[in-house]
Amino acid sequence: MDNDQLMQRDLGVLWHPCTQMKDHEWLPVVPIRRGQGVWLEDFDGNRYLDAISSWWVNLHGHANPRINAALKDQLDTLEHVLLAGFSHEPAITLAERLVKLAPEGLSRVFYVDNGSSAVEAALKMSYHYWRNSGKPDKHRFITLSNSYHGETLGALAVGDVALYKETYQPLLMEVLTAPSPDCFEREPGASWEEHSRQQFRHMEALLNEHADTVSAVIVEPLVQCAGNMRMYHPVYLELLRDACDRHGVHLIADEIAVGFGRTGTLFACEQAGITPDFMTLSKGLTGGYLPLSLVMTRDGIYEAFYDDYENLTAFLHSHSYTGNPLGCRAALASLDIIEHDGVIERNRTTAQLMAEAAAPLADHPHVGEVRQHGMILAIEMVADKARRTPFPWQQRRGLDVYRHGLANQALLRPLGNVVYWMPPYVIEPEHIAHLGRVTAEGIDLATRG
Ligand code: PMP
């Protein structure tokens, strides 16, 4: 079997995610035979450095021996059991460990099975809490412009990336949208902190006006990942926590993309010293092995659902693969690695190497900004450097970088005009140097003419 044969079979039966399938008339599908560490290898023997951790899920490298061993053991013990009325040790142990590691006060774990579904569960729980507390009018959500929380209808409704959302607008619930603290939009000379503080005034105004009917504010802490890796200062989260408390509104922190060390701390919320009312986790939760997600919340919220059955206050939400034992075992193995190998500490050094490798790009005539939060580094290509005007999306400049990467041993998958690195944590200095070279060449090529 070679790449081409597999591609032909693939195109005969598959419909790929987030893809205009007609592109594959000229853009090859890359069938991957195996993964090892930061590398993916196709059926023709080409290698690709997985600079985006396969959609931000992989933490400790592909085919990680410790996660593999944990899964093989679990496979011979228990592959799955329903979580209603029944339980299993991996789900219990994982919940216990997360409660110890998460921001203080998040003491309950509700398992789900993918990121979007965790967001749906958090939204429903928030509304349902207010309903159980005699405030059924609190049914609206506040979200940030340029945010992303998933593709199912509820999650899509609280997101704001037009490319994914606009088509489905008639199907979506209405939300209130506050302008993002996104620091790419700051005035020249303004610091990230000043800009984030200033943008908060819009959120405060929305809360002032609508708190009576608002259930929760949902945010991606520190980095709006799918929204082109736009970033902001932790002070925004501090101000938001305080305002949500004053206005009696929940705060949902969607740490699906930024959790588990991505931004430099185990959870991004730590950098603001806050505890959200709900925190959603997925992606890196299993080290990138299996679909699993969860919502963490506070005792006070849990208790509002705890009553005699006839009062019908229970959270009757479920998915078949809720808390799958294999996913939980992979997650436990991933946490072992994070805790025992000093991963968060090591990432500090790695993030610094990434910063150094990308620094020269800041002077490129078509780079508007190089920005970073820990293990996420983004390079914004612009048509006009002084005015920071974007290239028209129709030109698909990012696709040129993607194709250059594929031809040069790198999986870079830009978001629009934004090239980014979000690699597995096991990335080594020589890999970072390789990414630096390929990215610089790719940006040169893509922005020519
Ligand atoms: N929230 C955030 C912040 C995300 O980045 C994503 C996925 N990119 C999701 C939710 C949705 O997760 P999933 O793709 O597993 O549904």
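Here are the numbers for the structure shown:
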{"read-out": "Test set (1) open to solvent by 30 Å² or more (accessible area, probe 1.4 Å); (2) closer than 30 Å to residue 444 by Cβ; (3) in a helix (DSSP H, G or I) - residue 350 fails condition number", "value": "(1)"}
{"read-out": "Selection from segment 243-258 of residues that are more than 9 Å from the ligand (Cβ to nearest atom), surrounded by 24 or more Cβ atoms within 10 Å (Cβ to Cβ) and small (Gly, Ala, Ser)", "value": "253"}
{"read-out": "Within segment 319-341, considering residues that are open to solvent by 30 Å² or more (accessible area, probe 1.4 Å) and over 18 Å from residue 69 (Cβ atoms), the one farthest from the ligand (Cβ to nearest atom)", "value": "320"}
{"read-out": "Near pairs, Cβ below 9 angstrom, 6+ apart or cross-chain, from segment 145-169 (among the charged types (D, E, K, R) and open to solvent by less than 30 Å² (accessible area, probe 1.4 Å)) to any residue that is within 12 Å of the ligand (Cβ to nearest atom) and assigned to a helix (DSSP H, G or I)", "value": "165/156"}
{"read-out": "Residue match in segment 265-278 (condition: modelled with pLDDT of 95 or more, under 30 Å from residue 68 (Cβ atoms), away from the ligand (no atom under 16 Å from the Cβ) and in a loop (DSSP other than H, G, I, E, B))", "value": "yes"}
{"read-out": "Residue satisfying condition, being assigned to a strand (DSSP E or B) and surrounded by 22 or more Cβ atoms within 10 Å (Cβ to Cβ), within set 368, 442, 405", "value": "368"}
{"read-out": "Test result for residue 316, surrounded by fewer than 21 Cβ atoms within 10 Å (Cβ to Cβ) and either modelled with pLDDT under 95 or in a helix (DSSP H, G or I) (or both)", "value": "no"}
{"read-out": "Segment 198-224, residues that are farther than 25 Å from residue 259 by Cβ and open to solvent by 20 Å² or more (accessible area, probe 1.4 Å)", "value": "198, 201, 202, 204, 205, 206, 208, 209, 210, 212, 213"}
{"read-out": "Given (1) open to solvent by 20 Å² or more (accessible area, probe 1.4 Å); (2) in a strand (DSSP E or B), number of the condition residue 380 does not satisfy", "value": "(1)"}
{"read-out": "Segment 92-114, subset part of a strand (DSSP E or B) and hydrophobic (A, V, I, L, M, F, W, C), residue most open to solvent (accessible area, probe 1.4 Å)", "value": "110"}
{"read-out": "Condition check for residue 206: in contact (Cβ under 8 Å) with a residue 40 or more places away in the chain, part of a helix (DSSP H, G or I) and away from the ligand (no atom under 16 Å from the Cβ)", "value": "yes"}
{"read-out": "Checking residue 289 against (1) within 16 Å of the ligand (Cβ to nearest atom); (2) under 27 Å from residue 372 (Cβ atoms); (3) more than 13 Å from the chain's Cα centre (by Cα); (4) assigned to a helix (DSSP H, G or I), the condition it does not meet", "value": "(4)"}
{"read-out": "Members of segment 115-144 that are open to solvent by 10 Å² or more (accessible area, probe 1.4 Å), among the hydrophobic types (A, V, I, L, M, F, W, C) and out of contact with any helix residue (DSSP H, G or I) (no Cβ under 9 Å at 6 or more places or on another chain)", "value": "130"}
{"read-out": "Within segment 115-190, helices (runs of 4 or more DSSP H) holding 2 or more residues that are more than 15 Å from the ligand (Cβ to nearest atom)", "value": "115-132"}
{"read-out": "Residue in segment 296-307 that is modelled with pLDDT of 95 or more, within 30 Å of residue 76 (Cα to Cα) and of a type outside the set (D, E, K, R) present", "value": "yes"}
{"read-out": "Residue 416 vs. criteria on the phi > 0 side of the Ramachandran plot, crowded, with 16+ Cβ neighbours inside 10 Å and not assigned by TED's automatic domain parsing to the domain that holds residue 263", "value": "yes"}
{"read-out": "Boolean, residue 306 is within 16 Å of the ligand (Cβ to nearest atom) and out of contact with any Phe, Trp or Tyr (no Cβ under 8 Å at 6 or more places or on another chain)", "value": "no"}
{"read-out": "Residues within segment 292-313 that are surrounded by 24 or more Cβ atoms within 10 Å (Cβ to Cβ) and part of a helix (DSSP H, G or I), tallied", "value": "0"}
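The values are calculated or read from the model by the stated rules, or taken from the named source; none is laboratory data. Since this is a predicted model, take the numbers as computed values, not measurements. Quick reminder, even Gly has a Cβ in these numbers, built from the backbone with ideal geometry, and neighbours come from all protein chains shown. Quick note on the areas: whole protein, heavy atoms, side chains included, nothing else; ligands and nucleic acids left out. Shrake-Rupley method; radii C 1.70, N 1.55, O 1.52, S 1.80 Å.
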